[in-house]
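Coordinate-derived values only; no laboratory data. Note that the structure is predicted; figures quoted are calculated from it, not measured. Don't worry about glycine lacking a Cβ; one is built from the backbone with ideal geometry, like all the others, and counts go over all protein chains shown.
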């Protein structure tokens, strides 16, 4: 029994010792873990402080750089501002000097005008005194002297006319008539120039019907831009795979046709592309015109013509007169004139040259004031043509007297070319003249940019300069234009007057 109690006590003691030892061990482990965690936290705090210090240092460095860069930019802007300010001051000073100079010149000009007026009055007095002295010396008044001079001239001219009539009677009128018929017949037989009738429309064939929608564009913006830039009318109807370009001006019509074909080939049809392709077409037309002039001179075997005159001659390729192509007509007149001159034994190269250039003024009669004969004389004189050529061509409509045999030959050749069967169509020319008259009426107004006659003359479309004509003036201009057309033209039905004013602002983003 005692042993059992001892054993039990020993077990209890062992259990208590085990509990105590376990508790001690757990306390030791807890302290060790707490120390390790504290060390880790201390290290993490230290690392955080170092990283924060590093970030603060970097922020201070970047802030310093930004401040330095900003200061440099401010200094640069200040220098630019000062430079611009100095430039403005210099310009103001220069402008003041110019204004002062203009004022001085105006004063000087006024003084010169007064001086010239005084000198003119003095010259008028001297001329009057001289005329009075001459009348006293000659014992004749101005009117009497003029009458006597005209009587002498008339008498001399009458004598020349009678002598020429007598000479013609002696040589025989019948023989001359027979010879003249032979010469004209030979000239017509030797001349063979093809003529084609110029129409006022051009048909463009399309690969598919879908292209029509692209030509029209959204809400019609493409076709409106095309018609505005080219000055033609684009007709899109139910005709399959084709559109029609209508314009009385063959150059504008050809430019529009070429530009539209380029746009269709490119595939991108929009206002900016339209302007680009129209400009390309204009450059190509310029080359075609020059090539036509050079080919004409080559075919005619005419040399020594200046390049600018060749360009002007080529413009006749797109000019018609009563439906007759003027360049072909001029070539025909040149060939007929050469043949007649050879038969008569006179200067055939001069007659041919005068015949070729007799209608050269028609190439510029829409850009310059005056008849095509006056314009032609100025053009030929400017580009160094001989006086004989100018004299021979200027009398082909009777505006100037015939002062050479070659001039008479050009008249005959022009009449032969124009009067042969099928050469001319009066109705076409009258139609073109009416359209041109419409544009001329519109172009007389101030502030006009462009004016196009469309719809076969049933509408005149006018574009005005927005910076010179306001909205109120546009309405007045349209009304006045319609009134002028009613007063100056004769036409069936009615003519629609459309005046367009628009602002276009262009900026570039760089």
Inset, instruction - Mind giving me the FRET efficiency for residue 272 and residue 99? R0 is 45 Å, r the Cβ-Cβ distance, nearest 0.05 is fine. - result: 0.60
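Below 8 Å, C-alpha to C-alpha, sequence gap of six or more: please give me the relative contact order for the range 323-424 in percent. Could you put the intermediate results ahead of the total?
Details: 147 pairs, mean separation 30.5, N = 102.
Value for the range 323-424: 30 percent.
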Inset, instruction - Beyond 19 Å, what share of the Cα-Cα pairs of the range 38-137 is found? Please give it as a whole percent. - result: 77
Legend entry - DSSP beta bridges in the range 428-500 [antiparallel fraction, %, rounded to 5]: 55
Legend entry - Three-way shape call for the range 198-308 based on the alpha-carbon gyration tensor, with the a/c threshold at 1.5: prolate
Legend entry - Residues 373, 236, 448, sorted so that the one with the fewest Cβ neighbours within 10 Å comes first: 236, 448, 373
Legend entry - Cα-based shape type of the range 323-424, given that a ≥ b ≥ c are square roots of the gyration tensor eigenvalues and the cut on a/c is 1.5: oblate
Legend entry - Inter-label distance, nm, simple model (7 Å from Cα along the C-beta direction), residue 58/residue 86: 4.4
Legend entry - Sequence ranges 327-339, 113-125, ranked by mean other-Cβ count within 10 angstrom, highest first: 327-339, 113-125
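Please arrange 497, 244 by counting, for each residue, the other beta carbons lying within 10 Å of its beta carbon, fewest first.
Numbers: 497 21, 244 15.
Listed from fewest to most nearby Cβ atoms, that is 244, 497.
Would you mind ranking 305, 232, 405, 107 so that the residue whose beta carbon has the fewest other beta carbons within 10 Å leads the list? Could you put the intermediate results ahead of the total?
Details: 305 21, 232 27, 405 17, 107 10.
Neighbour counts put them in this order, fewest first: 107, 405, 305, 232.
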Legend entry - Distance in nm between pseudo-label sites at residue 150 and residue 19 (7 Å out along the Cβ direction from Cα): 16.6
Inset, instruction - State the Cα centre-to-centre distance between the range 109-132 and the range 431-510 in whole Å. - result: 47
